[in-house]
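In what follows, a structure is listed as structure tokens, so that the remarks can point back to it.
No value in this document is a laboratory result; all are computed from the given coordinates. Quick caveat: nothing in here was measured; it's all calculated off a predicted structure. Here the Cβ positions follow ideal geometry from the backbone for every residue, glycine too, while neighbour counts run over all protein chains shown.
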Amino acid sequence: MERLKILVVDDESRMRKLVKDFLAKKDYEVLEAENGAKALDIFFENKDIALVILDVMMPEMDGWEVCREIRAYSKVPIVMLTARSSEQDELQGFELGVDEYISKPFSPKILVARVEAILRRTNAQGEDILIAGDLVLDKAAHQVTINGTPVDLSFKEFELLTYFVMNQGVALSRERILNHVWNYDYFGDARTIDTHVKKLRSKLGDKGDYIKTIWGMGYKFEV
């Protein structure tokens, strides 16, 4: 079986080596870039990169710029690393379509665990078709259609909608949603989920009404 490729982008060689060594132990093929420009060159030269680990603070082209460039062409999962832990940075990352946001210093084992969790979800096999009203969700193809028209969702928006559809009629707290969709205990502001729900509702058009707000608690998906 071909090894999955992960691109690690950080201007600190020591940090790249640390992350690479831990990923290599799990049999991932690791590509390295020391700056944003090199990262984009490598990314567009390799069409089969499964995930990108991206540092925010880099000279010339920072992680946000690299993320924007990648997101203009690809929905590949992106894990953002940052030395800062401000809520504004985190929200900006989620707005740009970042899938995970990890503050330095961090445990390499935790980073690898999160990477594996994302890749398990991304590469989950099966031909599960979920139907909710006029909405059809194809888990295998990672595609959503409404009355036959495709809806362009980010990786995280798709995962969030899948969780909602699989739990139709169930009242879900923000904490529960984050713990299941993000697949780890979330220690930040649980209201971050509101940003994702707002964007998801917008993309679903009038079907966004399927996602009901439960004030003071979270959400419920009902057709």
- request: Between R121, R14, R174, find the one with the highest GNM mean-square fluctuation for the chain; connect C-alpha pairs within less than 10 Å.
  value: R14
message: Could you give the length gained by full extension between K104 and T213, i.e. 0.36 nm per residue of separation minus their alpha carbon distance, to one decimal place?
response: 35.8 nm
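Work out, step by step, the length gained on full extension between K198 and L91: first 0.36 nm times the residue separation, then minus their alpha carbon distance; give nm to one decimal.
Values: separation 107, 0.36 × 107 = 38.52 nm, distance 1.31 nm.
Residue separation times 0.36 nm, minus the Cα-Cα distance, leaves 37.2 nm.
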- request: Sort E32, E95, E222 so that the residue with the fewest other Cβ atoms within 10 Å of its own Cβ comes first and the one with the most comes last.
  value: E95, E222, E32
message: Defining a contact as two alpha carbons under 8 Å apart and six or more residues distant in sequence, what relative contact order in percent does the chain show?
response: 13 percent
Rounded if a/c under 1.5, otherwise prolate or oblate - region 5-122, Cα gyration tensor axes: rounded
message: List residues of region 191-212, by number, whose backbone nitrogen lies under 20 Å from a label position 7 Å along Cα→C-beta of T145.
response: 203-208
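When K26, K220 are ordered from fewest to most other Cβ atoms inside 10 Å of their Cβ, what list results? Working shown, then result.
On the way: K26 14, K220 17.
Fewest-to-most ranking of K26, K220: K26, K220.
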- prompt: What order do you get for 154-163, 130-139, 39-48 when each peptide is scored by the mean count of other beta carbon atoms within 10 Å, highest first?
  reply: 154-163, 130-139, 39-48
